[in-house]
Amino acid sequence: MKSVPLALLVLLAGSLGVTSCTRCSPNGPPGESTSPQASASSSVDAGPAGRCTLLGAPRIVGALPGEDAAPPEGPVAYGAEIGGALADTKGFVVGIRTAGLSGVAQLLEQSFEGAAPRLLATLPTITGTGGARAPLLATSPDGARLVGTLSIEDKTRTFHVARLGEGGVVTPVGEVAQGKDESEAVAFLGAAKAPLVAWDDADEKLRIGRVRALLLGMAAKEAKEAKPAGKDAGALEDDVVSPATSDAAWPALALSPNGDRAVLVWLSERPESESVDGGEGEPSQALAFRWVEAAVLDLATGARVGAARALTPLDGHAQTVTATWSDAGLVLAVRDDARPTDGDGGELWAVRVPIDAAGGFGAATRLSIAEKEVAPGIAALLPRPGGALVAWLGQDGASHLSPAFTPGAASIEPSLRDRKILATHGDRALASRIVGSGVELTVVRCGT
């Protein structure tokens, strides 16, 4: 498995006119379309100059004291980090670790109109080594704001989930103990019964990585009974979702439109050379084929619905993935690059996959968003009818909004230059970029 910076994966937390789908390689996933490749990249500079307008003034948060007026240029050691963000009816909420060796975990609320962020809570320090982690965020079906934090001990890691109440009161909901390997990747979302947590770890016996998912508070006996039986189960343990044939890592979750299911996506890999051994499932820096796999989960039981399946070609080189699930099906933004580390360049794809009532995936349609000059990291998806707007950065810092499977033209967005979108709510989006030791938050209104 490949090592990818955690900050790139949790930023989220998860779209040029479309003509036809891409041609699948001989090793691609079953059922992928084989019509001629569609490419949006040839017209990436066409269309309107910008569909997004800045609301309010950009605000720097989490910086070291004294940087508000004149932040330093270039990277800063132990700078602030964003963990995740959400949008609900009240506004945007951001989880941040402030700058410095003793930085603390905080929750900030940002209005839809771009007013100055306000501090909701400073989270208590969780015992363990490694310092505070930037919190992840999710929303439960009853509208409660959920906070996820990771603590690291000598031999284990624990992911804690809590509810954020009025006055910044944080009430524990549950926790998941994880094995301590190189990857800290974790994702979670709110569900009617209990929050769902997904993470990866290493199976030392099979020497592969695996992706796991668990509803918090589910008893071991209940979890076992909820899992499907038979050959298709493919689970090494009751909460393992990825098949035993997959060397899997870096989970991400996408909630269904009606909220009763979720798609769990992850990256799987195999070495390009048979002589290469990544070693007991630990992320490797070796040259490897990497692709996106996925499975549908029932949020009432935590059980997998239907079989896990590859959604991108098995001879690809997927570096990052983000996902959203709408009435049009599952939409992915996948950055593909043959180099083993996440650097500038590579290609950006959008993928759309229908999902049936039985949890099965239909034929994948793939669209090239950009063929080159893509900045490293994860693209964002802004849901739109039929698909999404893919928000991505070029190597020069230019921000692009590229429609995928939805009408419209590509645009370059001056108000989002150098910024990554963290969360969206209707026509509003919250974006961030690194400024000195802090993080700058910007709210924009984006048309169709």
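The values are calculated or read from the model by the stated rules, or taken from the named source; none is laboratory data. Owing to the predicted nature of the structure, the values given are computational and were not obtained by experimental measurement. Neighbour counts run over all protein chains shown; Cβ positions are idealised from the backbone, glycine included.
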inquiry  = Need pairs with beta-carbon distance below 6 Å; first residue within 16 Å of residue 406 (Cβ to Cβ) and among the charged types (D, E, K, R) and within region 353-370, second buried (at least 21 other Cβ atoms within 10 Å of the Cβ) and modelled with pLDDT under 95; sequence gap 6+ or separate chains.
reply    = 366/21; 366/22
query = Hey, among 269, 293, which residue is closer than 21 Å to residue 351 by Cα, at pLDDT 95 or above, in contact with a Phe, Trp or Tyr (Cβ under 8 Å, 6 or more places away or on another chain) and among the charged types (D, E, K, R)?
reply = 293
ask   = For residues in region 424-448 being within 13 Å of residue 91 (Cα to Cα), surrounded by fewer than 23 Cβ atoms within 10 Å (Cβ to Cβ) and out of contact with any Cys (no Cβ under 9 Å at 6 or more places or on another chain), which is modelled with the highest pLDDT?
value = 425
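Condition first: more than 21 Å from residue 89 (Cα to Cα) and either surrounded by 20 or more Cβ atoms within 10 Å (Cβ to Cβ) or polar (S, T, N, Q) (or both). Now tell me which residues in region 132-159 satisfy that.
132, 133, 134, 149, 150, 151, 156, 157, 158, 159, listed by residue number.
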task = Output yes when any residue across region 120-127 is touching a Pro at 6+ places or on another chain (Cβ under 8 Å) and either of a type in the set (D, E, K, R) or modelled with pLDDT of 95 or more (or both), and no when none is.
result = no
inquiry  = Condition check: buried (at least 24 other Cβ atoms within 10 Å of the Cβ), hydrophobic (A, V, I, L, M, F, W, C) and part of a strand (DSSP E or B). Does residue 333 satisfy that?
reply    = yes
ask   = So which strands (runs of 3 or more DSSP E) stay within region 336-396 end to end and still have 3 or more residues that are touching a strand residue (DSSP E or B) at 6+ places or on another chain (Cβ under 9 Å) and at pLDDT 95 or above?
value = 347-353, 365-370, 387-393
task = Could you figure out which of (1) at pLDDT 90 or above; (2) buried (at least 23 other Cβ atoms within 10 Å of the Cβ) isn't true of residue 309?
result = (2)
message = Can you pull out every residue in region 160-169 that is more than 24 Å from the chain's Cα centre (by Cα) and at pLDDT 90 or above?
response = 165, 169
